[in-house]
Amino acid sequence: GIHEYFRRLSGDRFVNQMRETLLQRLLSEFEQNSRPDWPWFEEVLSYANAKLPHALILGGRWGGGHPRALEVGLKSLSWLVQQQRAEAGHFRPIGSNGFHRRGEQRAQFDQQPIEAYTTVAACIEAWYATGDDTWMGEARRAFEWFLGCNDLGQPLYDATTGGCFDALHIDRVNLNQGAESTLSF
């Protein structure tokens, strides 16, 4: 949100200080919780996961740059996309029916559209930061989840309505088309 705000009002000192405070807080959480096998900000992967590395990548690129923020953002996003890759290679977001605690089995379902959206957005920002086409490939993989490249082989985007279904359950698509899901698509 701060990044978007600065597109209009880049000279706001208070908001710039807030951005720095929040970047430092994210970096601190990463340093406190990260382990070699779990380079993450907290003990659980839960909801809209890719927003954390996305914020650091943005913070690392803009406002004078912050190399450590960019480094941690790219490292944590790289790990996250690996966690969200099915054995068959397609995008498999962390399920909301239990999420994924460190050292425990991850929830496979219910898979939420916001996870694909946040991953696409973060990977595109990583591509802008690095120029590495691997990130565009990861963005595409996450986006294709909406189109049926997922565990059930069923699209979540509904071309008839322009909406997006709310979740991928273990055995079906949730046919509700809520605002969050549609905006995520």
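Of note:
- Only a single item in (1) touching a Gly at 6+ places or on another chain (Cβ under 8 Å); (2) over 16 Å from E29 (Cβ atoms) is not met by G73, and it is number (2).
- Selection of segment 87-111 for residues being under 18 Å from E180 (Cα atoms), assigned to a loop (DSSP other than H, G, I, E, B) and open to solvent by less than 30 Å² (accessible area, probe 1.4 Å) yields P93, I94, G95.
- Meets criteria (of a type outside the set (K, R), open to solvent by 60 Å² or more (accessible area, probe 1.4 Å) and over 19 Å from A48 (Cα atoms)) for L147: yes
- Among the numbered conditions (1) part of a helix (DSSP H, G or I); (2) open to solvent by 20 Å² or more (accessible area, probe 1.4 Å); (3) touching an Asp or Glu at 6+ places or on another chain (Cβ under 8 Å), the only one that M136 does not meet is (3).
- Test: F109 is within 15 Å of the chain's Cα centre (by Cα) and of a type in the set (F, W, Y): no
- Test: residue in segment 45-61 that is open to solvent by 50 Å² or more (accessible area, probe 1.4 Å) and free of Cβ contacts under 8 Å to residues at least 24 places away in the same chain: no
- Residues within segment 154-185 that are of a type outside the set (V, I, T) and open to solvent by 50 Å² or more (accessible area, probe 1.4 Å), tallied: 13
- Residue within segment 8-24 that is part of a loop (DSSP other than H, G, I, E, B), closer than 25 Å to Y117 by Cα and touching a helix residue (DSSP H, G or I) at 6+ places or on another chain (Cβ under 7 Å) present: no
- The residues listed here are S28, S34; of these, the one that is farther than 23 Å from Y117 by Cβ and either surrounded by 15 or more Cβ atoms within 10 Å (Cβ to Cβ) or in contact with a Gly (Cβ under 8 Å, 6 or more places away or on another chain) (or both) is S34.
The values are calculated or read from the model by the stated rules, or taken from the named source; none is laboratory data. Quick caveat: nothing in here was measured; it's all calculated off a predicted structure. Cβ sites come from the backbone with ideal geometry, for glycine too, and all protein chains shown count toward neighbours. What goes into the accessible areas is simple: the full protein's heavy atoms, side chains included, and nothing from ligands, DNA or RNA. Shrake-Rupley method; radii C 1.70, N 1.55, O 1.52, S 1.80 Å.
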